[in-house]
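Derivation of every value follows stated rules applied to the coordinates shown; laboratory data play no part. On a predicted model such as this, the values are computed, not experimentally measured, just so you know. Note: ideal-geometry Cβ built from the backbone for every residue, glycine included; neighbour counts use all protein chains shown.
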């Protein structure tokens, strides 16, 4: 699911920023690393929320 969303988002970013090949070769690996790190943080936040929800249902 996240891979398809990333591909969709990357395509939209590419429409709005026009890079020549030299800059694109530098930019896209950095952008991909950023997105992977951002997705990992987002997944961690989702896990935290799910854990809190389970705790509240069990003890709340």
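What to note about this one:
- Scanning the stretch 20-56 for residues that are in a helix (DSSP H, G or I) and over 20 Å from residue 9 (Cβ atoms) yields 21, 22, 47, 48, 49, 50, 51, 52, 53, 54, 55, 56.
- Meets criteria (out of contact with any helix residue (DSSP H, G or I) (no Cβ under 8 Å at 6 or more places or on another chain) and either in contact (Cβ under 8 Å) with a residue 60 or more places away in the chain or exposed (fewer than 11 other Cβ atoms within 10 Å of the Cβ) (or both)) for residue 42: no
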